Amino acid sequence: MKQEDEAESSALRPWQARLHEVIYESHSTAGKAFDIVLLSFIVISIIVVMLDSVASLHAPYGHIFFFLEWFFTISFTLEYILRLVCIRRPFKYVFSVLGLIDLLAIIPSYLSFIYIGSQSLLVLRALRLLRVFRIFRLVHFLSEMRFLHVAIINSVRKISIFILFVISTVVILGSIIYLVEGQENGFTSIPQSVYWAIVTITTVGYGDIAPATPLGKLIASFIMLLGYGIIAVPTGIVTTEMALAAKSQKQENQACPSCGREGHDHDAKCCKYCGHKL
């Protein structure tokens, strides 16, 4: 009985439940309308920030851009507060991925009082467009995003070892080309030669430095061919991990009314993060 009383006392009030349905879910007409307006605000605010950075537009319309920027900032701030109000465990949402993205969308404007020019970071609001997959119920896209996230996390160690190998390779080859070409051909130091090796092995090829001797050209050819060979390695690692991640259970995008987090199994009855009933 005591546990039931605690559960009832911690349950959302009717107005909080209604607010949660509108803000976190997109099943209802009001919820979908809210999300579409939110997406529109995000897109327009990003356009405003970009246009404000153009000198020829900032001079005549800077005051309008300033007003719009603060209008959207205050709107997103109110939205963020409402998201915290209508869930049982707001701190769970604050430290979630979407919660951090929402916070980053409003912080730059307030930082501009301390650091002039930091409002340019408002383009981080573009990350909030990821909500479009949830809003329009594009579950397949959400699943692929989760597969990619899991694959990248699982690939970090393997890719780190691969990058360490590439770094060692370019340092060795850069040192060799420095000895072969010398300063007269633009390879003035080992760091400069290592930079050339990195540019070459990644097949970027700026052309600001180029070997002139036959042996140097032979080494350059080897590095370029090696570059084409190693490009596929990270792709293969991530692809393999994605295939393994695809074997996991299908997930839904229903938001937990307690912590606001998504990504639950399709047959889940309770939140796997906080245990609250879905």
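The values are calculated or read from the model by the stated rules, or taken from the named source; none is laboratory data. Note that the coordinates shown come from a computational prediction; the quantities given were computed from them, not determined experimentally. Cβ: placed from backbone, ideal geometry, glycine included. Neighbour counts: every protein chain shown.
Exactly one condition in (1) modelled with pLDDT of 70 or more; (2) within 30 Å of Glu79 (Cα to Cα) is not met by Thr202; state its number.
Here Thr202 clears every test but (2).
For the stretch 36-52: of the residues being under 20 Å from the mean Cα position of the chain (by Cα) and surrounded by 16 or more Cβ atoms within 10 Å (Cβ to Cβ), which is modelled with the highest pLDDT?
Checked the stretch 36-52; the qualifying residue modelled with the highest pLDDT is Phe41.
I'm trying to understand the selection: among the residues of the stretch 171-197, which are surrounded by 19 or more Cβ atoms within 10 Å (Cβ to Cβ), within 33 Å of the chain's Cα centre (by Cα) and of a type outside the set (Gly, Ala, Ser)?
Val194, Trp196
Test of understanding: among Ala220, Ala212, which residue is in a loop (DSSP other than H, G, I, E, B), at pLDDT 75 or above and farther than 23 Å from His149 by Cα? Explain how you work it out, then say what you get.
Details: Ala220 fails: in a loop (DSSP other than H, G, I, E, B).
Answer to the selection: Ala212.
Determine the pairs where a residue that is within 16 Å of Gly174 (Cα to Cα), located within the stretch 221-232, has a partner that is not polar (S, T, N, Q) with Cβ atoms under 6 Å apart, the partner being 6 or more residues away or on another chain.
Ile223/Leu173; Ile223/Ile201; Gly227/Ile201
When the residues of the stretch 53-86 are narrowed to those that are in a helix (DSSP H, G or I) and among the small types (Gly, Ala, Ser), which ends up surrounded by the most Cβ atoms within 10 Å (Cβ to Cβ)?
Top of the filtered list is Ser75.
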